[in-house]
1. Before we move on, is Lys75 within 16 Å of Ile47 (Cα to Cα), open to solvent by 60 Å² or more (accessible area, probe 1.4 Å) and in a helix (DSSP H, G or I)?
2. Could you tell me which residue of the stretch 6-50 is least open to solvent (accessible area, probe 1.4 Å), considering only residues that are farther than 23 Å from Lys75 by Cβ and in contact with a Pro (Cβ under 9 Å, 6 or more places away or on another chain)?
3. Among the residues of the stretch 86-110 satisfying the criterion of being charged (D, E, K, R) and either in contact with a Phe, Trp or Tyr (Cβ under 9 Å, 6 or more places away or on another chain) or assigned to a helix (DSSP H, G or I) (or both), which is nearest to Glu58 (Cα to Cα)?
4. For Ile9, indicate whether it is over 19 Å from Glu97 (Cβ atoms) and touching a helix residue (DSSP H, G or I) at 6+ places or on another chain (Cβ under 7 Å).
5. Are any of the residues in the stretch 33-50 closer than 22 Å to Glu5 by Cβ, assigned to a helix (DSSP H, G or I) and touching a residue at least 12 places away in the same chain (Cβ under 8 Å)?
6. Pull out all pairs, ordered by first then second residue, where Cβ-Cβ is under 6 Å, the residues are six or more apart or on different chains, the first lies in the stretch 88-110 and is free of Cβ contacts under 8 Å to residues at least 24 places away in the same chain, and the second is of a type in the set (D, E, K, R) and assigned to a helix (DSSP H, G or I).
7. Picking from Glu58, Glu90, Glu67, which residue would you name as being of a type in the set (Asp, Glu), surrounded by 14 or more Cβ atoms within 10 Å (Cβ to Cβ) and within 22 Å of Glu5 (Cβ to Cβ)?
8. What number of residues within the stretch 16-32 are under 19 Å from Gln2 (Cβ atoms), touching a residue at least 12 places away in the same chain (Cβ under 8 Å) and either of a type in the set (Gly, Ala, Ser) or part of a loop (DSSP other than H, G, I, E, B) (or both)?
Amino acid sequence: MQKREVLRIARKYGLDMSGITVKIQRSESLLSLAISGSTDYFNIGRIDLFPNAFLNEESLIRTLIHEKTHVAQLKKYGVKYAQDNIAHMEKQAYRLENIFYLALKKRLKE
């Protein structure tokens, strides 16, 4: 659960992290959460990673892709729109997470 490892794995998969600030939340109380990350709506570009993001490389990369999607949504649509349409934003983030993860994984194998 170290930032340099997060960035190393992102580089390994070719995931651009420029413009993204990573904050690792290490509190034991977060272990029980089902989520692995969060996007800061008031500090756009910052993503928080929770312990479940670090279960394995796939979890971490998927979390980074997912949260980067939310950052892009916030930049494009603004906080109010994103909050008012959170279900749609989540659905889109999960869809893009799957698409980009498979593409990055395929590129890694080549």
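The values are calculated or read from the model by the stated rules, or taken from the named source; none is laboratory data. For clarity, every value in this text was computed on a predicted model and none was experimentally measured. Glycine gets a Cβ as well: all are built from the backbone with ideal geometry, and neighbour counts include every protein chain shown. Protein only, heavy atoms only, side chains kept; ligands, DNA and RNA dropped before computing areas. Shrake-Rupley method; radii C 1.70, N 1.55, O 1.52, S 1.80 Å.
1. For Lys75, the condition - within 16 Å of Ile47 (Cα to Cα), open to solvent by 60 Å² or more (accessible area, probe 1.4 Å) and in a helix (DSSP H, G or I) - is met.
2. Kept after step one, since they are farther than 23 Å from Lys75 by Cβ, are these residues of the stretch 6-50: 8-9, 12, 26-34.
With in contact with a Pro (Cβ under 9 Å, 6 or more places away or on another chain) added as a condition, the list becomes 26-28, 30-31, 33.
On the way: Arg26: 139, Ser27: 57, Glu28: 154, Leu30: 32, Leu31: 104, Leu33: 64 Å².
Ranking the candidates gives Leu30 first.
3. Initially, the stretch 86-110 is screened for residues charged (D, E, K, R), giving 90-91, 95, 97, 105-107, 109-110.
The next check asks that each one be either in contact with a Phe, Trp or Tyr (Cβ under 9 Å, 6 or more places away or on another chain) or assigned to a helix (DSSP H, G or I) (or both); those that pass are 90-91, 95, 97, 105-107, 109.
On the way: Glu90: 19, Lys91: 19, Arg95: 15, Glu97: 11, Lys105: 9, Lys106: 13, Arg107: 14, Lys109: 14 Å.
Looking at residues that are charged (D, E, K, R) and either in contact with a Phe, Trp or Tyr (Cβ under 9 Å, 6 or more places away or on another chain) or assigned to a helix (DSSP H, G or I) (or both), I get Lys105.
4. Details: over 19 Å from Glu97 (Cβ atoms): no; touching a helix residue (DSSP H, G or I) at 6+ places or on another chain (Cβ under 7 Å): yes.
Judged against the criteria, Ile9 is not a match.
5. In the first step, residues of the stretch 33-50 are kept if they are closer than 22 Å to Glu5 by Cβ; the result is 33, 35-40, 45-50.
Those left that are additionally assigned to a helix (DSSP H, G or I): none.
No, the stretch 33-50 contains no residue that is closer than 22 Å to Glu5 by Cβ, assigned to a helix (DSSP H, G or I) and touching a residue at least 12 places away in the same chain (Cβ under 8 Å).
6. From residues that are free of Cβ contacts under 8 Å to residues at least 24 places away in the same chain, there are no pairs.
7. Numbers: Glu58 fails: surrounded by 14 or more Cβ atoms within 10 Å (Cβ to Cβ); Glu90 fails: within 22 Å of Glu5 (Cβ to Cβ).
Unique residue meeting the criteria: Glu67.
8. Of the residues in the stretch 16-32, 4 are under 19 Å from Gln2 (Cβ atoms), touching a residue at least 12 places away in the same chain (Cβ under 8 Å) and either of a type in the set (Gly, Ala, Ser) or part of a loop (DSSP other than H, G, I, E, B) (or both).
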